[in-house]
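Quick notes on the structure that follows.
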Amino acid sequence: MTRIALPLLLLPLMTQAANYSARRAVVDGIEVVQLTDTARQVHVSIAPSIGNMAYEMSEHGKNILWTSFHDLDE
């Protein structure tokens, strides 16, 4: 019974973790981290080398973060 119960208890956690992803990329020559929540369709881009600044965020494809900069070079 214990061998069956444990995977059943962990299943919600495993499916929830599948909704999130993090990947590294280079944008305008600067390393960034891109975080995604696929269930809520939220995407955030962060530049660790520029003070961990979040410079881009969208929800359902619509920008929800405004900055005075046009790109990371600024």
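Taking a ≥ b ≥ c as the square roots of the eigenvalues of the Cα gyration tensor of segment 19-74, is the shape rounded (a/c under 1.5), prolate (a/b larger than b/c) or oblate? It comes out oblate by the Cα gyration axes. Sorted ascending by nearby beta carbons within 10 Å, beginning with the fewest, E56, E31 become E31, E56. Model label sites at A54 and N19, defined 7 Å from Cα along the beta-carbon direction, differ in position by 1.7 nm. Here S68 and T38 are evaluated by their C-beta separation; at R0 = 22 Å the FRET efficiency comes out at 0.15. The ranking of D71, D37 by Cβ neighbour count inside 10 Å, starting from the fewest, reads D71, D37.
Every number here is computed from the coordinates shown, using simple stated rules; none is lab data. These figures come from a predicted structure and were not determined experimentally. With ideal geometry, Cβ positions are generated from the backbone for all residues, glycine too; neighbour counts draw on all protein chains shown.
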